[in-house]
Amino acid sequence: MTGARFRPLTAGDLPGLRWAGSPTLLRALRADLGRGADVEHLAAVVDGAVRGFGAVDLVVQPGRGALFGLVVHPAHRSRGLGTALVRALEERARARGARGAVLEVEVDNPRALALYERLGYRRAGTTVASWTAERPDGTTYEHRARCRVLRRPLL
């Protein structure tokens, strides 16, 4: 995707991210923005609007940048923005001394899995992840999902 630029994601961006998910997800993202310098959140800006975002945690796995929370606006999927976002997060991790990158993807998300494997990530096992999700009626529940763990060296 041409024309994408990357900058830190801020709390001021959140009102414009309703397309990304439920109010519960946006509240969790707001809380996560306060985690400090060990986590970098990036916004992918296209034509002046945030059309994707993600983060890299630099301490959860020593020596590796743990990519998480990657979301691309539906109208910008399959246009290279996800690839550019992953590469930008990897570069942030590399600049901070990470020698590798790791991420988790739900096993029932073959499209994302295919993207990560095209980018050089290799399967390194499975895990179960959980997070607070929201039903259409606004009630919340603990969502559990089987995820593939993927790793890639950063050279």
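Annotation: Cα Rg of the chain relative to the compact-globule expectation 2.2 N^0.38 Å equals 1.00.
Of all chymotrypsin sites (Phe, Trp or Tyr not before Pro) in the range 103-137, which ones are in loop regions per DSSP and have a Cβ with at most 14 other Cβ atoms within 10 Å?
Values: sites: TYR116, TYR121, TRP131; in loops: TYR121.
Of the chymotrypsin sites (Phe, Trp or Tyr not before Pro), not one in the loops of the range 103-137 has a Cβ with at most 14 other Cβ atoms within 10 Å.
Across ARG27, ARG99, ARG135, mean-square fluctuation computed from a Gaussian network of the chain (C-alpha pairs under 10 Å connected) peaks at ARG135.
Using just the helices of the chain, give the 222 nm mean residue ellipticity in deg cm²/dmol: DSSP H runs with n ≥ 4 each add -39,500 (n - 2.57), and the total is spread over all residues, rounded to 500.
So the helix-based figure for the chain works out to -6500 deg cm²/dmol.
Between THR140, THR83, THR24, where does the largest GNM mean-square fluctuation fall for the chain, given springs only between Cα atoms within less than 10 Å? Of the options given, THR140 has the highest mean-square fluctuation.
Between HIS143, HIS41, HIS76, the Gaussian network model of the chain with springs among Cα atoms under 10 angstrom shows the greatest mean-square fluctuation at HIS143. Per-residue Karplus couplings for the range 96-107, computed as 6.51 cos²θ - 1.76 cosθ + 1.60 with θ equal to phi - 60°, are listed in order as 9, x, 5, 9, x, 10, 9, 8, 10, 9, 4, 5 Hz, Gly and Pro entered as x.
Expressed as a rounded percentage, what relative contact order does the chain have, with Cα pairs under 8 Å and six or more residues apart?
Working: 269 pairs, mean separation 31.1, N = 155.
Reported as a whole number, the value is 20 percent.
Provide the net charge surrounding ALA43, with neighbours chosen by a C-beta distance below 12 Å and charges set as Lys +1, Arg +1, Asp -1, Glu -1. Write out the running numbers ahead of the final one.
On the way: positive: ARG5, ARG7, ARG51; negative: ASP13, GLU40.
Net charge around ALA43: +1.
Laboratory data are not the source of any read-out in this text; all were calculated from the coordinates shown. For clarity, every value in this text was computed on a predicted model and none was experimentally measured. Glycine also receives a Cβ, built like all others from the backbone with ideal geometry; neighbour counts cover every protein chain displayed.
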